[in-house]
Structures are given as C-alpha cells and as structure tokens.
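Bear in mind that the values in this text are calculations on the coordinates, not laboratory data. Treat the numbers as computed from the prediction; the structure is a model and nothing was measured. Please note: Cβ atoms are built from the backbone with ideal geometry, for glycine as well, and neighbour counts cover all protein chains shown.
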There are 2 protein chains.
Amino acid sequence: MSQSNRVYLFDTTLRDGAQTQGVDFTVADKAAIARELDRLGIDYIEGGWPGANPTDDRFFADPPEFQNAKFVAFGMTRRAGRSAANDPGLASILQTKARNVCMVGKTWDFHVDVALEVDRAEYLEMIADSLSYAKTRMDETMFDAEHFFDGYKANPDYAMACLAAAEKAGARWLVLCDTNGGTLPHEVERIVGEVVKKIPGDRLGIHTHNDTENAVANTLAAVRAGVRQVQGTINGLGERCGNANMISLIPNLVLKMGFDTGLKDGAMQRLTHLSRLLDDRLNMPTNRSAAYVGTRAFAHKGGLHVSAVEKDPKTYEHVDPEIVGNQRIIVVSDQAGRSNIMARFRQIGLDVDPKHPGVARLLEIVKERESEGYAYDGADASFELLARHELHTVPDYFSLQSFRVLAERRVNAKGQTVALSEATVKLDIAGRRAMEVGEGNGPVNALDAALRKALLPVYPELEDMRLVDFKVRILDSAGGTAATTRVMIESADAKGRRWSTIGVSPNIVDASYNALYDAITYKLFRDGARPAQPA
Amino acid sequence: MSQSNRVYLFDTTLRDGAQTQGVDFTVADKAAIARELDRLGIDYIEGGWPGANPTDDRFFADPPEFQNAKFVAFGMTRRAGRSAANDPGLASILQTKARNVCMVGKTWDFHVDVALEVDRAEYLEMIADSLSYAKTRMDETMFDAEHFFDGYKANPDYAMACLAAAEKAGARWLVLCDTNGGTLPHEVERIVGEVVKKIPGDRLGIHTHNDTENAVANTLAAVRAGVRQVQGTINGLGERCGNANMISLIPNLVLKMGFDTGLKDGAMQRLTHLSRLLDDRLNMPTNRSAAYVGTRAFAHKGGLHVSAVEKDPKTYEHVDPEIVGNQRIIVVSDQAGRSNIMARFRQIGLDVDPKHPGVARLLEIVKERESEGYAYDGADASFELLARHELHTVPDYFSLQSFRVLAERRVNAKGQTVALSEATVKLDIAGRRAMEVGEGNGPVNALDAALRKALLPVYPELEDMRLVDFKVRILDSAGGTAATTRVMIESADAKGRRWSTIGVSPNIVDASYNALYDAITYKLFRDGARPAQPA
C-alpha cells in the first residue's frame, strides 16, 4: 500500500508539557511560544485545557492569530450519566476560540473498570456521543486514546472498539497514547502494525512518554509502521520523565528519514533558538547535552577528534550543526562564532559586511558577556541594541547618574504589616539633570515608576509602553543569595510589538535597571524618537 | 538458532564518560564509582586510558580490588610503521594492573583514508597485529569497532573485514560502535541482523551515542538482533550528547525484556542511589526527569491521576518505583484535593486522622495561597511547615518586627559605578529584641546576612546552613514590574539535607523574606532546636 510521505506535527508543550512538576506558564508565555511554533509551520498547536484553570481560560479567550497552525483545545469525554450537550466540561471546551478539539478517552479496560468505574459498553457510548457532539461545533475533532498500548496488550478487542467508536463519530485523528510511557519500541512496532490493518495510518497519531528513555524511538517506530500524526513537546517537557521531544523528532524525521513535515523554509534552523526560548521562558537551565540543539551537541574536545574534524567535519559529526541552527564548538581553540553572529544579524534585518571591524569587536563582547551570564537567545532586543551600538546606529537617549531604592516592612501603629518601596533616580538627558522619586509595591516597580516620571516629559513615546513579564534567574547557584542574577524583561506597546531585554549583575536591582534601560532604549529607537538636544 | 539469555554489561563511565565537556574525575572519584559498579555485579568496568593522562596512570597503578567485575584498560591499535611490540602506546596499556583490554580501531574506509591516511590493507594488518600481541599479555581482549555503522553503510565489505581481522586475532568481543551517534534504531536492527549471519551474537557488543536521542533504543535494537555485550555509562554521561544510559538500559533489559544481566540480588534497587552518587561526585544537578531514577519519574500531579494511583498505582505507573530504589511523589498543586493532601501527610511521616479539623482548614489555606501564587509542588519544606503549623506541631522560633533594605548605584568620585546593598532587621526572639545590620551584593543577600547575624547567637544550629539556589518568578505578568513575585529558595546543611521553601508577595524583598523565614524555621525544626525561652 503506497502511503503519503507527509507527517503532521502536533505540539502539546502548552498542554501536556504544562503538566511538568514545577512548570507554570503565564498567558504571555503561552502566547510567545505559540507564535514561535506557528512561525515554524507546526500543523497543530494544543494550547491547554479550557475550564481546567484560569490561565487556560484567559489564553483561549484571546489567543494569538495563527498564520499556519490549527489551534486545538484539549478536553475529556463526557461524564457518565449525562448527555454530551449537558456536560459542563464539554461546554467550556467547545465555547472557546479554538476551532479544533482533541478529546482524551480511555481504551484500557482496566481503567474503565477501576478508575472510571463505568460499564465497558456504556463507555463506548460516551466516546461516540462526546465526539459526535463536538463534531457539530468544531472544524476538526481528534481522539487521544489514553493508555492505548497497555490497553491493547490487556484486551485488544476492547481497545480497538474504543478507536472504532471515535472513528465512526468522525474523529479526524485517532492518537495512540503510551500514557504511562512503559512500552518499548519493538512493542510499538508490533501493535501499530496490527492497528494499521484496520485503520489507515493517515488517520492515526502517536503520543509517547519517556519513562523508559524511548519516547523518540517509540514515535519513530510508529511512523515507520504507518502513523502520520506525531505529538510531542519542545525539549521533551512533560510530567514524570516528559513527552517525546519535538526538537529531536523533527530533524530525525526530516533529515534522516526523508519525511515531509510541512515546516516552513528556514524553520529547521530555528530549532536551537526555539529550544532555548522555552528554557528562558520557564527559567530552566538548558540541557547542554540535548540532541541536535545542546551547547555540547557539536563540541569536540579530544585533540584527535579536533584534527579529524578540521580535516573534514563529517568524521565526527552526524549532521551539519548549522542545519538545526546550532554551532560547532572546538573546545581547545574556541574559534566558534562569527557565522553565528552573522546569522543573527540576518535574523534582525541588519545587513552588515562580515569584514566590518564592529563584527569582530561584537564577537568579543558577546563572548565576554555570555561568560558573565548574559544569554541573548531569549533577549532579542538587548542583542540588537548591543549590535547596533557597536555599529553606531543607535543613539544614547539618556544616561544614569545614580539610583537609590528602599524596601521596608514593618508593623504599623494599628498592628498591621506594611511594606513600602521607594526609588529615586538621577538622570542626565542631553546635559540636563532629571531627578525624580517613585513608589511601587516592590523595588523594581518603584525604580520603573521613577524612571518613567523622569523620562516622559522628554519622550512622550513611552506613554504606551508596558512591562508584560519579568523573570529572574540565579546563575551561579553555589553562591546562594550572593550569586549572579539575570533579569529578563518582556515589554509591549500599543502597536502590538513585544520585545525582550536582559540585565546581569550580582545585585538584582542593578540587573533590573540594565534590563529596563534596554527596554526603554529599544522602544525609543523603534519609534524613531529624536534624542533630546542640549539646551 | 537458540541463543543465551545472558547479556554482559560493560560500563565505560570512567573512560568514555570522562570525555564529557566539563567533567573531571579525580582518582578517588574513579575508585568510588568503580567500587559501586563492582558491588552491583557489572561484568566489565573500563577504568580509563593508561598513558593518556596522569589521573588514569595513577588509577591503573593502584585500582580497587574487584569482587565481580573484570577491570578493563582502553587503548588504540598500534601506529602505522612499527610493530605492536615496539609501540609505546600499546606498552603503557599492557603494563598496568588491568588484565583485560578494549582496543579501538577504525572500520570506516573514509576514516582510514582521511583521518589516518593509511593504506586500507595495511590497516587490517595493524588491527590483527595489535590484538594478537595484546592477547599474549592479557586475559581478555576486545575490539571497539569505531564508526562501525557509518563504515558498514559506506563499505560493508571493508567494515566486515576489520571485524574479521580482530576476530581472527582472538578478540573475545567485537563491539559495534555508533561513534557519531547518527544511526537510527531501524538501521541498527538491519545492520546487526546482517552481521550476526557471519559472527555469532555472543561475540558482539554494542556502543551507542545519544546524538539523535536514540542511544538506549539503538542498544535495545542491537540486543534484540542478537548482540550480547552492552556498553553504557551511568546517567548517559559522555561527550556531545552522551553515551547510552546504563541506568535506563538495565531495567529495560531485565524488567521489560527478561534478560539475565548477571547483576547481584538487590542491585536493581541501588540504581537510583548510583545515579545520584555520580551527580554528587561531579557536583552536577540531577536530571529530575530521568527515566526510572529521576525525582519526577513517579510524581503525580493532577487530582484525577492521584485518585486513580491511590486506587491502584498500576493505573499511572509502568513499574513499581521501589524496584529501582526510587519513590512515588504525590505533588500538591492547584488541582489538589483531599486525597493529595492526605497522601502528602503520609509521605512526610505525619499520621493524621482525615477527620482532624486541621485537614479541611489546611486544604482551604493551600487553595487560597495557590490562588495568590504559592506553588507547593517545588517547595516541600514550606508545605510541611504549613501543615505542621495548622496541626500545632512546630514552634515559633522568632518573629519579625521590621526590616529595611537599601540598594543603590551611583558613580563615585573616580568615575566608577558602585552598587551597594544594606539591610537592617529587628526581630523579636522570645520577648528580646535583636537588631542587626548586614551588607551584601544584592538586597536579598544583605537581608540574609542581617538575619543570620541576629539569629546565630541564639540558634548556633544555623551555622552549617547555606543557600544553594534562589529563583524568582513573576506570576501575574500582566502587571509587569508591579506583579506578584514568587521566590523559591533551596537550602542545604552539613548533614546532606536539602529543602525548598517559597515566598510570595508583590514586593520581591518581602517574598524573599518569607522564603528565608521558612528555610530557617525548617532547619531549626529538623535539628530539633529548642525555641529560645523568655528571660
């Protein structure tokens, strides 16, 4: 049987990935990640579970506009004892702005008996009823066959009956889930091989977990057996040991197995960026050993390796690092970088001659700053300002003379605890001194208030600028509260622009000031503000 | 053809694992890890490369006494143009206290041509000569067939001729290496399937790397195709993306595929310990999501999952965590219900009647606090203190009257930028007032210093407590710098304990104080400190 070469990618970072212990996406995080996934050309973006928590409700009420992707809501089949039309859980899923739904249901008889405590035949009705009803409201419906592999091993007839019920109810995709992650690749191959005899592979999806460290291999085995939808998360995020890692799946499917995943031109080169963007958003350390995108993935240490690599990189590299937006690192000679910097220039639309002396200088500065703890992958605006500064294409709008921030907490005369923060700033704006004081409910907020008060009379462009996210990370954790602090700030304005900036210092207020300074300068530059002139 | 069920384990943590960027074993590290591997019953322990560096020379001059394992030296086939007997590299390998050697050689024609620049026929002689000579000096010789899979794809005849030369020279094992890590499981299956037609599987080994995130799957595919020696490293340590992870391979082979690995009774239960021992030795953070042994590997978050797991753990666990020495974790989160809370009580050793009025109150408090931004799933110590506080089993060691923190940045008389942070605290300790001032390189560090100064004279237990990590997250990002701040602190003490605490406030300093307060209280409580008494 000839089969299409097209594999559909379904990203569940924002839904199953959000189940990771310690992971807590904000609405802004979800929007930023979804926009990046859409830009790459991912087919399906599952945004969360409407009705399950306030973050998902807000995200589904006002999702980003997608250019390529289908936006999917996750939900559960209806409860026993009521119709799909009267199920409040289903109602909250079907009333969002998502036009597609992925509905999870059981396929393991043991779960129907023990977890749900519902009659098995009745449960088949529940699947059919839920999906038929959803089909009347949505463009596309899908069925996540929870515990499919365990279910198939225990009772293949019942597992297949669950799939058949969903298929008959019009589900576009039937997704075979290895929910507990305990299935090995040769078992996936055998079971999927049996399933595709009854249901065509272009109606089947695969969803695996990494509990035996085989999530990627299990997914590839299923695709080889005929499955054509692949579910995964960025960096393999997900509860317990995580989901199948989309960042590894994509190059394996495309570069090594020759599948068409529908990704846009240039998408593959953004994988390294995407991987690090997620870590920065979640304030998580990057996995340096990650396949394809880790900082060590193309690092060569031994002298013999290095000389062979210099003769021909193919001797010790399975793919060219630039294909996935990563870079070769020669640990001893440390000559990495220029091509990377040039690639970043192209990304921000700066057309620079590689021989411009500013390029070499910038390379030095970036290396030095990254060794201090700066990370420009999640701070595009700071990188752009740094680059433009070296190339003399951005003006100095103001400079800091000093700031002082006070934060206190005490019990007042009435016995109430009161907290207060106050900041003073002294700025030099084209030779004139501006001195202002601001209050806030935290020291950084107070500093932000004082800065705006000092700058607004000169730069009214700042009126519509607001801070949408603020993250702090401690870099040298051995130092505890004395360690280096990295602050990342995301800003937005009324034109719908968003930009990220970074500041690093042992002092959190100082690091915050640096990130605020970049955020304000970027806004003024982008708005084409005229620098104030000396009186 | 019937084949033995016995798979031999070959650990190369101390050799190939030592190639990891940033990893630097001491002789003591090597001895401690080797002893633990020997205790488990690992068949072969490769200790390093004698002659390559002073650490390995010292380790091979005086290795531990092994009860079970064969101790292996790694080395390279002789150079071109001299006999094996006159090769200084071979000499340093064969003169150590190891009675077994694993010798690496090429099998990819491209490498023989480009990296070695040696005639292909001559290279076959070099393999034969080196292994024959080694065989006269050693108990067991093995041949690491570098780049075997790439070599086989390029020129199967030459790759097989290299294996045949080593086999004829008496090598006990011919180890098929995927040196660049680019081979996928279905290719391993196909190629090994062809090799075993010519060389019996009980003479073949497999050595894979994780560059496509398939190292474990590739190893399992080779074993299923007949290979009977498996090489790997603890936690998948190794250069670039690492080697096959022995910690995942062992339970997959034994629990899921029914192989006999010769491990001692009880060895499997020590896997979690072994994994964390390596991280501690190398001062690396543990991979919380690691298969089988990660702290998250058996963590359950969602309320539905938790109630199903309590009915029968098999619903959401692929194996029993205790089999590998790990444990189930019931995470408290915003989906928490009474069953989560009760399960958590049992885990922290609190025996509480579910009808105790404190339980319902605690549930309310947890829900309310989580809606404010507290997240107890990463802050075990804060959860325990909250619970014990509601159940009146933890004393108040001190209380805060006030603090004031000052952070400033200015340009000094010499034109240098200086930043300064200072904090004052006023505490009530059993009716006595303690007032102290501290300095730091950031406001939280200064506050920490002032608190310790005030408390140490009364509570000397705090002397060995240190902060190992400090993370800040902004929760309601819509508010920008005015938003709610969540601080998480991880602390440790000289007893090897680690605990995490949390603080939430719109003011970052205030939130930090709350997390510091919990960290200190938990330390005092765990040490059984006596609360100070009124004078």
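Within the same chain, lysines fewer than 8 places from A:K414 are excluded, and of the rest, those with a Cα less than 20 Å from its Cα are B:K426.
Separation of the alpha carbons by more than 31 angstrom is noted, of B:K355/B:K495; A:K135/B:K311; A:K198/A:K264; A:K30/A:K106; A:K197/B:K256; A:K256/B:K106, for B:K355/B:K495; A:K135/B:K311; A:K198/A:K264.
With R₀ set to 45 Å, the beta-carbon distance separating B:D464 from B:K314 gives a calculated FRET efficiency near 0.60. Report, for region B:8-264, the % of DSSP beta bridges that are antiparallel, rounded to 5. Expressed as a percentage, antiparallel bridges in region B:8-264 total about 5. Counted residue by residue at 0.36 nm each, then reduced by the alpha carbon distance between them, the extension gain from B:V352 to B:S4 reaches 120.0 nm.
For A:A215, neighbours were defined as the other residues whose beta-carbon sits under 9 Å from its Cβ, and their charges (Lys and Arg +1, Asp and Glu -1) total -4. Peptides A:507-515, A:164-172, B:78-86, B:437-445 ordered by packing proxy, namely the average of other Cβ atoms within 10 Å per residue, highest first: A:507-515, B:437-445, A:164-172, B:78-86. Here r is the Cβ-Cβ distance between B:K97 and B:H273 and R0 is 30 Å; the resulting FRET efficiency, rounded to 0.05, is 0.60. When both bridge partners sit in chain B, DSSP labels roughly 50% of those beta bridges antiparallel. Taking the longest Cα principal axis of chain B as reference, the axis of helix B:185-195 is set at about 20 degrees.
When the alpha carbon gyration tensor of region A:1-74 is reduced to an equivalent ellipsoid, its three semi-axes come out at 24, 14, 11 angstrom, largest first. Among the residues of A:110-121, the average count of other protein chain beta-carbon atoms within 10 Å of the residue beta-carbon is 2. A helix-only calculation puts chain B at -10500 deg cm²/dmol for mean residue ellipticity at 222 nm, using -39500 (n - 2.57) for each DSSP H run of at least four residues, averaged over all residues. Taking the C-alpha atoms only, the angle from helix A:380-390 to the longest principal axis of chain A is near 40 degrees. For region B:1-137, the dipole from Cβ point charges (+1 on Lys and Arg, -1 on Asp and Glu) about the Cα centre works out to 440 debye, to the nearest 20.
I'd like the FRET efficiency for A:R120 and B:A80, computed as 1/(1 + (r/R0)^6) with the beta carbon distance as r and R0 of 60 Å, rounded to 0.05. Plugging the Cβ-Cβ distance into 1/(1 + (r/R0)^6) gives 0.25. Packing, as the average of other Cβ atoms within 10 Å across residues, places the peptides B:318-329, A:103-114, A:60-71 in the order A:103-114, B:318-329, A:60-71, highest first. With a 10 Å cut-off around each Cβ of B:438-449, the average count of Cβ atoms from other chains is 5. A convex hull fitted to the Cα coordinates of chain B yields 218 cubic angstrom per residue.
You can think of it this way: the chain between B:R288 and B:S402 has 37.3 nm of extra reach, that is 0.36 nm per residue less the Cα-Cα gap. Rounded to the nearest 5, the antiparallel percentage of DSSP beta bridges internal to the protein assembly as shown is 55%.
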